[in-house]
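*Asks:* Pasting a structure here, questions to come.
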Amino acid sequence: MPDMPAHPEQDGRLIDANLHLLDRAVLDRDGWPVLAVADVEIEVPEGGGRPVVASLLLGSGLATRFFGIHRPRRSRYGVAWSRVTRLGSGISLSASRDELGVLWFERWLRDRVVGRIPGGRHDPR
Amino acid sequence: MSGSAGKVFAVTLGILTAIGGFVDIGDLVTNAVVGSRFGLSLAWVVVVGVGGIAVFAHMSGKVTAISGRATFEVIRERLGPRAALANLVGSMAMTLLTLTAEIGGVALALQLLSGVVPVLVVLPVALVLWMALWRVTFSWLENVAGLLGLLLLVFVVALLSLGPDWSALAGQVVQDGPDTGESGLTYAYYAVALFGAAMTPYEVFFFSSGAAEERWTSQDLWRSRLNVLVGFPLGGLLSLAIAGCAAVVLLPQGISVTSLSQVVAPVGVALGTAGVVVVAVGVLAATAGAALETALSCGYSVAQFAGWPWGKRVRPARAPQFHLVVLGAIVIGSLVLLTGVDPVMVTEFSVVFSAVALPLTYFPVLVVANDPDYVGEHTNGAVLNGVALAYLVIILAAALAAVPLMVLTRMGA
Amino acid sequence: MKTVLVAVVLLVASCAVMPDPLELAVGEAASAASSAALALEQQHRGRTTGPAARTQVDDALRQATGLARGAASATVPSVLARQQDEALEQLAVLVRHLHDATDAVGTGRAPAVAVRLRDDADALTRLEHRIGAQA
């Protein structure tokens, strides 16, 4: 068996990007869902060395898969790997979903539609 | 002391709502149709179906309670975006069809109570359902619909007071195959439909999403088990009583059920006017409750797939996409009904296609219930896996047979 | 393409295994007649509510109207030509009686109309059996 590289990241587990990262649910600091992992950005450090995961690209998978819309790379929601706090059944981030600034559609829907219908901004009774 | 009394109350409430929430328009119509045409000779399907939904709900409740992940998050993670999206579309179409049938059921129940033509009440009903989902808390909806749904137990009372020839009924239960006058294919078709009625996928989305919303943990597993092991079988018993009433009153008169008014007619024969009113209110509550659950299930499925915030406990502005999907689902269902299509026909389609769509969600849940990554030490034991695999075979067989049988028998004509 | 083919094969097969459509229609009409009769009888005895009885009679009328229309346009094997005429005649009678029934809900005429509907159901059932034997 070849020597496995050490895994210093997180809890020192061996992570399979396909199995443990891709399409996992992403959760913010408070446990709110923030899309899912659509892709993983891998960088090779300039001085050489092992490639590292630079960021996770998030997406709902609906626009791309359902309507065939291809987002330009720069407009995809990337989250730096340093913000990942835990890899479990979901991937937890250290940021809250509001500060991630993702989902203009959600903001628009909240401010222009849902928030304007009476009762939209109140807890259910 | 008051703490444990409160606990007993909560548990009882959970079981009661599980019974009241088990029966929806699909169970009402399919059981009555089958009872009026085949007597109790298809009772075994209800038993098999209740076992199946119990196994399915138990596994998905477990996955949610321990991993915190709801059904469609798991499905996407396991199947990847492409296959999961196909799965989502199939399940959504199915749940929308069921939602349409339930709203139609509400309209039909109102017709029985007031005499107003169903098409006229579709829009008001849709508006009330949406407002309830917009403003009323989850537990209120669940408890009111579930407890009023218990009025359907009047079918059990009716069957007992009809004083049927029990040995003749028992004879129908053990006879294999249809009686004279019905073909074997029609019998098989209704076996699949009855199975689909008992095992509707939305029940499981709803069950596991509810568990996620209430933030169940492994400590709550016993609650899931109680609801599943006590509530569902009692709900199944209620289904059998519906079939039994039709078998005792309608079958001998040669009336085969094609409308909701015929479903409730035996209760009138047994218990008179009061019985008719009680059963109509029960049908109203059961279908309204199921309409709310299916509308929520549409929102749950899409939001979980996409990773949008979802939930009924938070203010709508916190989960805008979720509420948009729920609203859209109600609008589509109502528009379909406004075309004047017969809700009973929609129901018959919905139970058959629910049998078709079942493997899409059952299989991924079965896989994940065996994955320590998700459920830790609570992976399925050998016995549960044996049962779950047996059900996988049954579910696949039903799904494959459903459409050919439907075409062959011209929808059970 | 393949699915269409399968559907066609299944439809053709269904003609071989299922009873003749005319036989089915006549059987369903008998069921509708009995159902309306039951509703009238129940209401006359004060065993059901007005709206529930009316709904059941209306449902029966709608079903019978649809069946009459279907039977009129159905193409049947030539051995059944006479039975088709007979079926159309009986269905027309049934539809007339069901119209009667919708007016009779909640009135003193209900029992008499119910008796006529029971007779219709019997006649339709006999016809159904004859078609089954013939086909």
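The values are calculated or read from the model by the stated rules, or taken from the named source; none is laboratory data. Just so it is clear, the model here is predicted, and its values are computed rather than measured. Cβ placement follows ideal geometry from the backbone for every residue including glycine, while neighbour counts extend to all protein chains displayed. To get the accessible areas, we keep the full protein, side chains included, count just its heavy atoms, and leave off ligands, DNA and RNA. Shrake-Rupley method; radii C 1.70, N 1.55, O 1.52, S 1.80 Å.
*Asks:* Report, by residue number, each residue of segment B:332-355 that is of a type outside the set (D, E), surrounded by fewer than 20 Cβ atoms within 10 Å (Cβ to Cβ) and within 14 Å of another protein chain (Cβ to nearest Cβ).
*Replies:* The answer is B:G340, B:V341, B:M345.
Results for (1) free of Cβ contacts under 8 Å to residues at least 12 places away in the same chain; (2) part of a loop (DSSP other than H, G, I, E, B); (3) more than 15 Å from the chain's Cα centre (by Cα), shown as yes or no for each residue.
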| residue | (1), (2), (3) |
| --- | --- |
| C:R69 | yes, no, no |
| C:V79 | no, no, yes |
| C:R82 | yes, no, yes |
| C:A87 | no, no, no |
| C:L94 | no, no, no |
| C:A101 | no, no, no |
| C:T125 | no, no, no |
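*Asks:* Pull up segment A:30-40, narrow it to residues that are within 12 Å of A:G78 (Cβ to Cβ) and open to solvent by 20 Å² or more (accessible area, probe 1.4 Å), then point me to the one that is nearest to the other protein chains (Cβ to nearest Cβ).
*Replies:* A:A38
*Asks:* Taking the criterion of being open to solvent by 80 Å² or more (accessible area, probe 1.4 Å) and either over 20 Å from B:P309 (Cβ atoms) or modelled with pLDDT under 85 (or both), would at least one residue in segment A:19-29 satisfy it?
*Replies:* Of segment A:19-29, the ones open to solvent by 80 Å² or more (accessible area, probe 1.4 Å) are A:19, A:29.
Next cut, either over 20 Å from B:P309 (Cβ atoms) or modelled with pLDDT under 85 (or both) only: A:19.
Yes, there is a match, as at least one residue in segment A:19-29 is open to solvent by 80 Å² or more (accessible area, probe 1.4 Å) and either over 20 Å from B:P309 (Cβ atoms) or modelled with pLDDT under 85 (or both).
*Asks:* Follow-up question, since we're still on this one. Of these, B:V356, B:V314, B:V352, B:V325, which one is without any contact (Cβ under 8 Å) to a residue 12 or more places away in the chain and either of a type in the set (S, T, Y) or over 29 Å from C:P51 (Cβ atoms) (or both)? First the steps, then the outcome.
*Replies:* Working: B:V356 fails: without any contact (Cβ under 8 Å) to a residue 12 or more places away in the chain; B:V352 fails: without any contact (Cβ under 8 Å) to a residue 12 or more places away in the chain; B:V325 fails: without any contact (Cβ under 8 Å) to a residue 12 or more places away in the chain.
None of the other options fit; the residue is B:V314.
*Asks:* Among B:S297, B:S259, which is in contact with a Phe, Trp or Tyr (Cβ under 7 Å, 6 or more places away or on another chain), away from chain A (no Cβ under 14 Å) and in contact (Cβ under 8 Å) with a residue 60 or more places away in the chain? Step through it out loud before you land on a result.
*Replies:* On the way: B:S259 fails: in contact with a Phe, Trp or Tyr (Cβ under 7 Å, 6 or more places away or on another chain).
Checking each option against the conditions leaves just B:S297.
*Asks:* Something else: Which numbered condition in (1) among the aliphatic types (A, V, I, L, M); (2) modelled with pLDDT under 95; (3) more than 14 Å from the chain's Cα centre (by Cα) is the only one that B:L234 fails?
*Replies:* Unmet condition: (3).
*Asks:* If only one of B:V116, B:V89, B:V121 is over 18 Å from the mean Cα position of the chain (by Cα), surrounded by fewer than 24 Cβ atoms within 10 Å (Cβ to Cβ) and not in a helix (DSSP H, G or I), which one is it?
*Replies:* On the way: B:V89 fails: not in a helix (DSSP H, G or I); B:V121 fails: not in a helix (DSSP H, G or I).
Exactly one residue qualifies, and that residue is B:V116.
*Asks:* Working carefully through the options C:L38, C:L10, find the one that is at the interface with chain B (Cβ under 7 Å from one of its Cβ atoms) and modelled with pLDDT under 95.
*Replies:* Values: C:L38 fails: modelled with pLDDT under 95.
None of the others qualify; the one that does is C:L10.
*Asks:* Same structure, new question: Out of all the residues in segment B:46-65, is one or more of a type in the set (S, T, Y), touching a strand residue (DSSP E or B) at 6+ places or on another chain (Cβ under 9 Å), closer than 27 Å to B:S218 by Cβ and open to solvent by less than 30 Å² (accessible area, probe 1.4 Å)?
*Replies:* Taking segment B:46-65 and keeping what is of a type in the set (S, T, Y), we get B:60, B:64.
Of the ones still in play, those that are also touching a strand residue (DSSP E or B) at 6+ places or on another chain (Cβ under 9 Å) are none.
No - not one qualifying residue is present in segment B:46-65.
*Asks:* Looking only at segment B:132-169, count how many residues are in contact (Cβ under 8 Å) with a residue 12 or more places away in the chain and away from every other protein chain (no Cβ under 13 Å). Full working, then the answer.
*Replies:* First pass over segment B:132-169, keeping only residues in contact (Cβ under 8 Å) with a residue 12 or more places away in the chain: B:132-134, B:137-138, B:141-159, B:161-162, B:164, B:169.
Narrowing further to those that are away from every other protein chain (no Cβ under 13 Å): B:143-157, B:159, B:164, B:169.
Selection size over segment B:132-169: 18.
*Asks:* Select from segment B:262-275 the residues that are facing chain C (nearest Cβ under 7 Å) and either touching a strand residue (DSSP E or B) at 6+ places or on another chain (Cβ under 9 Å) or open to solvent by 10 Å² or more (accessible area, probe 1.4 Å) (or both) and list them in ascending order.
*Replies:* Of everything in segment B:262-275, those that are facing chain C (nearest Cβ under 7 Å) and either touching a strand residue (DSSP E or B) at 6+ places or on another chain (Cβ under 9 Å) or open to solvent by 10 Å² or more (accessible area, probe 1.4 Å) (or both) turn out to be B:A265, B:V269, B:T273.
Conditions (1) aromatic (F, W, Y); (2) modelled with pLDDT under 95, marked per residue:
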position: B:V204; (1), (2): no, yes
position: B:F207; (1), (2): yes, yes
position: B:W216; (1), (2): yes, yes
position: B:A241; (1), (2): no, no
position: B:L260; (1), (2): no, no
position: B:V264; (1), (2): no, no
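*Asks:* Could you tell me how many of the residues in segment B:161-195 are out of contact with any Cys (no Cβ under 9 Å at 6 or more places or on another chain) and assigned to a helix (DSSP H, G or I)?
*Replies:* Selection size over segment B:161-195: 22.
*Asks:* If we scan segment B:277-290, do we find a residue that is within 8 Å of chain C (Cβ to nearest Cβ) and either open to solvent by 10 Å² or more (accessible area, probe 1.4 Å) or among the aromatic types (F, W, Y) (or both)? So that I can check it myself, show each step before the final result.
*Replies:* Our first condition is that a residue be within 8 Å of chain C (Cβ to nearest Cβ); within segment B:277-290, this holds for B:277, B:280.
Applying the additional criterion that residues be either open to solvent by 10 Å² or more (accessible area, probe 1.4 Å) or among the aromatic types (F, W, Y) (or both) yields B:277.
There is at least one residue in segment B:277-290 that is within 8 Å of chain C (Cβ to nearest Cβ) and either open to solvent by 10 Å² or more (accessible area, probe 1.4 Å) or among the aromatic types (F, W, Y) (or both).
*Asks:* Still on this model: Name the residues in segment B:193-208 that are closer than 17 Å to B:L96 by Cα and among the hydroxyl-bearing types (S, T, Y), would you?
*Replies:* Matches in segment B:193-208: B:T200, B:Y202.
*Asks:* Is it the case that some residue within segment B:196-206 is within 19 Å of the chain's Cα centre (by Cα) and assigned to a loop (DSSP other than H, G, I, E, B)?
*Replies:* Start the filter on segment B:196-206 by keeping residues that are within 19 Å of the chain's Cα centre (by Cα), which leaves B:196-206.
In the following step, the residues that additionally are assigned to a loop (DSSP other than H, G, I, E, B) were identified as B:199-200.
Yes, segment B:196-206 has at least one match.
*Asks:* A further question on this structure: If the requirement is being of a type outside the set (F, W, Y), crowded, with 20+ Cβ neighbours inside 10 Å and either out of contact with any Lys or Arg (no Cβ under 9 Å at 6 or more places or on another chain) or not in a loop (DSSP other than H, G, I, E, B) (or both), which of these qualifies: B:A397, B:A402? Explain how you work it out, then say what you get.
*Replies:* Numbers: B:A397 fails: crowded, with 20+ Cβ neighbours inside 10 Å.
Of the residues listed, the single one that is of a type outside the set (F, W, Y), crowded, with 20+ Cβ neighbours inside 10 Å and either out of contact with any Lys or Arg (no Cβ under 9 Å at 6 or more places or on another chain) or not in a loop (DSSP other than H, G, I, E, B) (or both) is B:A402.
*Asks:* Using the structure shown, decide if C:H44 is closer than 18 Å to C:D122 by Cβ and either open to solvent by 10 Å² or more (accessible area, probe 1.4 Å) or without any contact (Cβ under 8 Å) to a residue 12 or more places away in the chain (or both).
*Replies:* Values: closer than 18 Å to C:D122 by Cβ: no; either open to solvent by 10 Å² or more (accessible area, probe 1.4 Å) or without any contact (Cβ under 8 Å) to a residue 12 or more places away in the chain (or both): yes.
No: the conditions fail for C:H44.
*Asks:* Please work out if B:A247 is within 14 Å of chain A (Cβ to nearest Cβ) and open to solvent by less than 10 Å² (accessible area, probe 1.4 Å).
*Replies:* On the way: within 14 Å of chain A (Cβ to nearest Cβ): no; open to solvent by less than 10 Å² (accessible area, probe 1.4 Å): yes.
For B:A247, the condition - within 14 Å of chain A (Cβ to nearest Cβ) and open to solvent by less than 10 Å² (accessible area, probe 1.4 Å) - is not met.
*Asks:* Among the candidates B:A107, B:A65, single out the residue that is under 22 Å from the mean Cα position of the chain (by Cα), within 14 Å of chain C (Cβ to nearest Cβ) and assigned to a helix (DSSP H, G or I).
*Replies:* None of the others qualify; the one that does is B:A107.
*Asks:* Just one of C:T65, C:T49, C:T55 is closer than 18 Å to B:P118 by Cβ, open to solvent by less than 50 Å² (accessible area, probe 1.4 Å), within 13 Å of the chain's Cα centre (by Cα) and within 14 Å of another protein chain (Cβ to nearest Cβ); which is it?
*Replies:* Details: C:T49 fails: within 13 Å of the chain's Cα centre (by Cα); C:T55 fails: within 13 Å of the chain's Cα centre (by Cα).
Selected residue: C:T65, the only one of C:T65, C:T49, C:T55 that is closer than 18 Å to B:P118 by Cβ, open to solvent by less than 50 Å² (accessible area, probe 1.4 Å), within 13 Å of the chain's Cα centre (by Cα) and within 14 Å of another protein chain (Cβ to nearest Cβ).
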